[in-house]
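Working notes, beginning with the structure itself.
Nothing in this text is a laboratory measurement; each read-out follows from the coordinates by a stated rule. Being a predicted model, the structure only gives us computed values, none of them experimental. As a convention, Cβ positions derive from the backbone with ideal geometry for all residues, glycine included, and neighbour counts pool all protein chains shown.
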Amino acid sequence: MDIRTYWEDKIIGWEDGRYEFKTSRFQPLEWIANRSSASLRYRLASASELLVPEVNGLRVVELGCGSGLLAANIINAGAASYRGVDIAEAAIARARDRAAAIGIADKVQFDRADLATLKELDADVVFSLGLLDWLSDPELNHLYRIGKDAHWLHAISERRDSPSQYLHRLYVFLAYGYRTERYTPRYFAVNEICEIANRYNPRPVRVIRNRQLSFGALLTTLNADRRCQ
Ligand SMILES: C[S@@+](CC[C@H](N)C(=O)[O-])C[C@H]1O[C@@H](n2cnc3c(N)ncnc32)[C@H](O)[C@@H]1O
């Protein structure tokens, strides 16, 4: 299973469907998934609300950035820099096109790279949406190691006994899980992430859950005053 090829083939259609940029040809399973993607749009808006007040003057890095949908918000909030990294060239090309179209190309940087190849980041804030679910334990450790003591915000899918999660598991299996050699999204307990994070970065962690995030949760050190729970 080649992870880069997987994302090169998937990311543009995924974004178009989940964020309602375009309706592609009718595919019943994707139609169901896209219809239930309000939680992902809410996740994007929530991450923006959490980051924007905090990034003035700071160097921000987004991992698994897709087409960099939050880059403009981060720059307009006064960040010193925004760097987006994604394994898929298709995502990076779209990110650069979007940045050029909205006039922020000279203020942002987009790099195609596998997270696993990155060295320590020059960042004050590191964030990701929809990336951790796809990482192995060694990759998760690497992500936190290279982030050093930067503030971070990462979205996860929390392991839960909920109808929406069972439906998600079924969709994943039927749509691609049966042929991707177990390369499917993971569901975490918050403490599993906190335990890894705290090996490299002792900052307190705040957990944001909300019905509109469904079984998603946002974990962040921003405005956090107690340890993960
Ligand atoms: C579910 S998508 C989320 C995209 C975007 N962050 C969003 O929320 O709209 C996951 C993204 O992570 C990227 N990705 C997956 N594995 C990666 C890796 N090992 N290194 C860098 N990027 C990766 C994919 O190419 C894809 O763009």
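Each label point was placed 7 Å from the Cα along the Cα-to-Cβ direction; for Asp2 and Glu49 their separation is 4.2 nm.
Plugging the Kirkwood radius over Cα pairs into Stokes-Einstein for region 35-131, at a temperature of 10 °C and a viscosity of 1.306 mPa s, what D comes out in µm²/s? Estimated via Stokes-Einstein, D reaches 118 µm²/s.
Provide Rg over Rh for the chain; use the alpha carbon set for both Rg and the Kirkwood Rh (inverse mean inverse pair distance). Here the Rg-to-Rh quotient is 0.94.
Can you give the Kirkwood hydrodynamic radius of region 122-229 from its Cα pairs, in Å with one decimal?
14.6
Put +1 on the Cβ of every Lys and Arg and -1 on every Asp and Glu Cβ in region 62-205; which of Ser162, Pro204, Phe110 then has its Cα farthest towards the positive end of the dipole? The residue sitting farthest along the positive end of the dipole is Ser162.
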